[in-house]
Amino acid sequence: MKLRAAQSAWIKFRNAQLEMKFPPHPKERYYYGSVFPICSMLYLHQLTNDRLDTLREWLAGGTNGDVCVGSVKLPKELGHKKR
């Protein structure tokens, strides 16, 4: 449930970030030009990759000795074997 709530909040954050970077122009619909779809998708791609890095931390597990790991499990708690 916490992951679902966090993901829902992240989507709102992502959309707000996009609107902050490319705010709607009050009078000119095509203010950012014909490359706007490309630019906006590249920015969304960057934000999504950053989010994926965060989520991968939960899949891979934290590191021993990290006192600020929070709810991230250690690899041994996740059943990961040492390489």
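Just checking, does region 15-25 include any residue being at positive phi and loosely packed, with under 10 Cβ neighbours inside 10 Å? The answer is no, given that none of the residues of region 15-25 is at positive phi and loosely packed, with under 10 Cβ neighbours inside 10 Å.
Consider region 31-46 and keep the residues that are in a loop (DSSP other than H, G, I, E, B) and either at pLDDT 95 or above or of a type in the set (Phe, Trp, Tyr) (or both). The one that is surrounded by the most Cβ atoms within 10 Å (Cβ to Cβ) is Tyr32. The residues in region 36-65 that are farther than 24 Å from Ala9 by Cβ and touching a Leu at 6+ places or on another chain (Cβ under 9 Å) can be counted, and the count is 2.
Here is a check on your reading of the model: is Asp66 assigned to a helix (DSSP H, G or I) and not small (Gly, Ala, Ser)? Judged against the criteria, Asp66 is not a match. Remark: pairs (first residue in region 66-83, within 19 Å of Leu3 (Cα to Cα) and basic (Lys, Arg); second residue modelled with pLDDT of 80 or more and surrounded by 11 or more Cβ atoms within 10 Å (Cβ to Cβ); Cβ separation under 9 Å; 6+ apart in sequence or on different chains) = Lys73/Trp58; Lys73/Gly61; Lys73/Gly62. Anything in region 1-30 that is more than 13 Å from the chain's Cα centre (by Cα), aliphatic (A, V, I, L, M) and assigned to a helix (DSSP H, G or I)? List them, or say none. Correct list: Ala5, Met20.
The values are calculated or read from the model by the stated rules, or taken from the named source; none is laboratory data. Note that the structure is a prediction, hence the values are computed from the model and not measured. Positions of Cβ are generated from backbone atoms using ideal geometry, with glycine treated the same way; all protein chains shown enter the neighbour counts.
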